[in-house]
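J.: Below is one structure. I have some questions about it.
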Amino acid sequence: MKLFNTSPKMKSLYLLLGFFSGPSLSLANTVKISVSISKTEIVAATLILEAGGEKDFRAMSAVAEVIYNRSISRKLSPAQICLQRKQFSCWNGKDVQSGIDKAKKHKKWSNALQIAQNLGSTNYTKNAQFYHTIQINPSWNKKMLATVTIQNHKFYK
């Protein structure tokens with residue numbers, strides 16, 4: 001996929017706009033972009049970038065469960081959930097295509113794709129919609145019910 005005459009931040013914006021507006025997008029009659037990123041790739045890349053380094057086989061599925069549970073609760077697609085502002089640190093200020101390209105090189109990419117294609121098929125987190133790494137203790141978790149810790153991530157509902 002090629003995006004012409006665009007900075008990395010503008011590529012992310014154009015990709016996001018293309019995601020919400022269809023397969024191609026025309027901006028001010030000067031830039032035409034074809035978007036070829038699948039929604040499944042966005043979810044799979046999120047799984048890799050958030051939990052691909054974990055040894056526990058449940059780690060990426062647990063992140064997928066959070067994406068799935070939020071998508072139901074918020075009535076958004078899983079890909080929209082992944083790209084919501086400040087929801088998944090792997091996308092904060094990052095270019096979507098670069099993130100996907102990085103994730104595709106990961107040894108667990110095929111596993112992440114399989115998990116992304118089968119959202120809702122596991123429940124290791126007991127219906128969690130939130131998580132953080134065990135290295136931090138954010139203020140938002142104070143009134144939430146902790147459901148499980150899977151390696152380096154603690155899950156809540």
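J.: Yes or no: segment 74-81 includes at least one residue that is at positive phi and without any contact (Cβ under 8 Å) to a residue 60 or more places away in the chain.
T.: Yes, there is a match, as at least one residue in segment 74-81 is at positive phi and without any contact (Cβ under 8 Å) to a residue 60 or more places away in the chain.
J.: Residues that are open to solvent by 80 Å² or more (accessible area, probe 1.4 Å), within 14 Å of the chain's Cα centre (by Cα), of a type outside the set (Val, Ile, Thr) and under 22 Å from Gln84 (Cβ atoms): does segment 132-139 have at least one?
T.: no
J.: Looking at segment 38-52, can you tell me whether even one residue there is modelled with pLDDT of 95 or more and more than 10 Å from the chain's Cα centre (by Cα)?
T.: Checking segment 38-52: at least one residue is modelled with pLDDT of 95 or more and more than 10 Å from the chain's Cα centre (by Cα).
J.: Considering only residues of segment 134-157 that are touching a Ser or Thr at 6+ places or on another chain (Cβ under 9 Å) and of a type in the set (Val, Ile, Thr), which is nearest to Ser61 (Cα to Cα)?
T.: Residue satisfying both the conditions and the ranking: Ile150.
J.: Give the residue, chosen from Ser98, Ser110, that is small (Gly, Ala, Ser), open to solvent by 60 Å² or more (accessible area, probe 1.4 Å) and closer than 23 Å to Gln151 by Cα.
T.: When all the criteria are applied, what remains is Ser110.
The values are calculated or read from the model by the stated rules, or taken from the named source; none is laboratory data. Values in this document were obtained by computation on a predicted structure and should not be read as measured data. FYI the Cβ positions are ideal-geometry reconstructions off the backbone, even for glycines, and counts take in every protein chain you see. Just the protein is used for accessible areas: all its heavy atoms, side chains included, with ligands, DNA and RNA removed. Shrake-Rupley method; radii C 1.70, N 1.55, O 1.52, S 1.80 Å.
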